[in-house]
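One structure below.
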Amino acid sequence: MAHAPRVVAGVIVLVACFFGGRALHPKSGAAYSFQASAPAYEAPKSAAGVDKAGLTGFGEDDLGRTVVSGHVTAFSGDSITLQSASGVVNTIRLLPQAPLRQLTAADRDALRAGANVIVRLSGPDEASAVLILPAQ
C-alpha cells in the first residue's frame, strides 16, 4: 500500500492529459500553407523585349548581359538618358571603352542563314523590325 498514493497520482495525471489533449486537438483536418491541387510547375513565358530593369528593350544577350533600347532624351559626354516605349526613363553611364555603332538601312537580301539578328515582335510570331548584327 505504500505505492497507492503514487498510483492514484499517476492515474489523475493520465486522465488530465487525456482530456487536455482532446480539448487542444484541432477540429478540422490538416491546414496546408500551399495549394495542394495546383498544376505542375511551368516556366513563365517572358514578355519579349522587357529586361530586368523593366525597360522595353531586347532582354539579354548571349553572355547574360542586359541589352536595352529606347529614345535618347539627353546626352552628355559620359552618359545617355533613354526613354523606353513604355515611358520609363533611365540614365546610363557610358564606359570609356564602349564601342559606338551606327545602323544603316538594309533590305531582305541582307538576311541569310548564319546571321545574328535581334527581332522586335509585334505578335507571337510576327516581326515588326529586324536588326542584323555585325559579325563578331
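Residues of segment 107-117 that are in contact (Cβ under 8 Å) with a residue 12 or more places away in the chain and not hydrophobic (A, V, I, L, M, F, W, C): 116 alone.
Here segment 122-136 is the region considered, the condition is being touching a strand residue (DSSP E or B) at 6+ places or on another chain (Cβ under 9 Å) and of a type in the set (S, T, N, Q), and the residue that is surrounded by the most Cβ atoms within 10 Å (Cβ to Cβ) is 122.
Matching residues to (1) of a type in the set (Asp, Glu); (2) in contact with a Leu (Cβ under 9 Å, 6 or more places away or on another chain); (3) without any contact (Cβ under 8 Å) to a residue 24 or more places away in the chain:
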residue	(1), (2), (3)
82	no, yes, no
86	no, yes, no
96	no, no, yes
105	no, no, yes
119	no, yes, yes
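What number of residues within segment 79-121 are surrounded by 10 or more Cβ atoms within 10 Å (Cβ to Cβ) and out of contact with any Asp or Glu (no Cβ under 7 Å at 6 or more places or on another chain)? Going through segment 79-121 one residue at a time, the tally reaches 23. Restricted to segment 27-116, the set of strands (runs of 3 or more DSSP E) holding at least 2 residues that are at pLDDT below 80 comprises 57-60, 66-68.
The values are calculated or read from the model by the stated rules, or taken from the named source; none is laboratory data. Keep in mind it's a predicted model, so treat the numbers as computed, not measured. Here Cβ is always computed from backbone atoms with ideal geometry, including for glycine, and neighbour counts include all displayed protein chains.
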